[in-house]
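The values are calculated or read from the model by the stated rules, or taken from the named source; none is laboratory data. Keep in mind that what you see is a predicted model, and the values were worked out from it rather than measured. Glycine also receives a Cβ, built like all others from the backbone with ideal geometry; neighbour counts cover every protein chain displayed.
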Amino acid sequence: MNEPMFATDRLNDWFKEDLRQPNIFRLMLIISLFGTFTNYAHISTLASIFALMLWPFGLTLGWRVPKPTIALAFLFGLVLIHVVIYGPELLFDRAFYRRDGNFFVTMTPLLFFTCLAFPLNLKLIVERFVYFVTVLNLIVFLVWLIMGVALFRDWAPDVGLQDTTKLYHFLFVAHNAAGGFLGILCCLSMVMFLHHRNAINLAILALNIATLLATFSRGSIAGFFVAVLLVYLFRFSRKLSISVILGMLAINLILVGYIYNNTDILPILARQVLVTQIIGDLHPSVQPLLDGNTAIRLETLWPMAMHAFFQSPIFGIGFSAFNDVPWDLWGWEGLVAFNLSQTTVSSDATAHNTYLQLLAETGILGLALLLWFVKRLFDYLIESEPGMVRDGLLMSLWMALVSAFSEHRFFTPSQMLPFVLILAMHMANTNYKILVSSHLQDLSKRRRNKLAANRR
């Protein structure tokens, strides 16, 4: 038997054997992934809670740390320092992790699980996840169409005043949360159909797109369709990825800068004080009634974020400080100034733009670290083994990055946890294959040396 055939056969044998062995990390990730279909029951946060407790061990004791994880660790460190300085009590506040601090819930699994090495039949897991959620989606969608009932949400006592029959919420409190999740589901469905061109996968794709449109979550809808254009029409999934994002970001910043320079910021700050206080006292589902439209983004939220950035361009005014108004800035305004407001609000009142939100709260340093992480992530996925899972992750990444221009979506658990958990499994699986391949190469080398010694 020649050496490549020997190594491949041994790798496959070891993979199948280790796949049969129980693994708590694999089980935890799978349970969390299949629990992402709702935010009424927080099953999906199981992996996040575990990772929050053990992430330092993953970074220091793991077999290897992928390059994207290294970049994310720097961003995580910056955000953690911000929170410790701004309000360390927030780290023990459940409301903080649900809203302003959902960065930790969403991204921490990548800090721990991507440093481990264990095998997964990831293609099968992703396919079954899509089938499972699509069946649920069909049932809930038919109930909504026929009976005009948003399951669970209409029956919950604290959903607020919004009419829930006009927009499709799937199994989420807010229609934008449903849109973000269904946008990722559409990306996975699209890739599944392109890899298995059959009527069932076409029907799955059509249903998931229809339900995405029914949420009327404009940022998610635009994110999905622009991602389809970028990946399949312009082929940016495999080249010039970070250049495209930088170009889109430059256009966005020029637009916001023009609006800001033609805006009287003082009335905007006063208006945002009122809006933020109202939102802080009500249920998050009421937010779309107050500031969930394009005009408020262009005329209020984006200029406000730009103003915060100009007050403290290097480090920002403090992570989670954007909606803690009125601002009480301390330091050297125009260089480094932090918000020392006595009001701390954990709410969904963001800049509705991840890039502007980071600029406002963590400055140019935070945005640079995010772009470094995104660049490393694109490089990692492009260099990964081609296949359905890799293509699904690339498509989902594009969708997340595009939707982040109109919503603070890149750290939102409802949208990003399915992507993050699949990505964590992909990296752990890749680590396993690299580890076993390296071991087999050593065995093969020893085998050759032994044969050579016997010939002598």
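Of note:
- Residue 246 surrounded by fewer than 24 Cβ atoms within 10 Å (Cβ to Cβ), farther than 20 Å from residue 391 by Cβ and modelled with pLDDT of 95 or more: no
- Residue match in the range 165-186 (condition: over 27 Å from residue 427 (Cα atoms), surrounded by fewer than 15 Cβ atoms within 10 Å (Cβ to Cβ) and modelled with pLDDT under 95): yes
- Scanning the range 385-406 for residues that are touching a helix residue (DSSP H, G or I) at 6+ places or on another chain (Cβ under 7 Å), of a type in the set (Lys, Arg) and under 26 Å from residue 35 (Cβ atoms) turns up at least one hit.
- Verdict on residue 401 being closer than 22 Å to residue 76 by Cβ and assigned to a helix (DSSP H, G or I): yes
- Inter-residue pairs, beta-carbon under 7 Å, first buried (at least 20 other Cβ atoms within 10 Å of the Cβ) and in the range 129-149, second modelled with pLDDT under 90 and part of a loop (DSSP other than H, G, I, E, B), 6+ apart: 140/151; 144/150
- Residue satisfying condition, being at pLDDT below 85 and not polar (S, T, N, Q), within set 59, 75, 80: 59
- Helices (runs of 4 or more DSSP H) wholly inside the range 56-123 containing at least 3 residues that are surrounded by fewer than 20 Cβ atoms within 10 Å (Cβ to Cβ) and of a type in the set (D, E, K, R): none
- Scanning the range 201-221 for residues that are assigned to a helix (DSSP H, G or I), surrounded by fewer than 18 Cβ atoms within 10 Å (Cβ to Cβ) and modelled with pLDDT under 95 gives a single hit, 218.
- Among the residues listed as 404, 360, the single one being out of contact with any Leu (no Cβ under 7 Å at 6 or more places or on another chain), over 22 Å from residue 68 (Cα atoms) and buried (at least 24 other Cβ atoms within 10 Å of the Cβ): 360
- All positions within the range 77-97 that are without any contact (Cβ under 8 Å) to a residue 40 or more places away in the chain and among the aromatic types (Phe, Trp, Tyr): 92, 97
- If you go through the range 186-201 and keep only what is under 18 Å from residue 139 (Cα atoms) and without any contact (Cβ under 8 Å) to a residue 12 or more places away in the chain, you end up with just 200.
- Sole exception among (1) at pLDDT 90 or above; (2) under 20 Å from residue 35 (Cα atoms) for residue 152, by number: (1)
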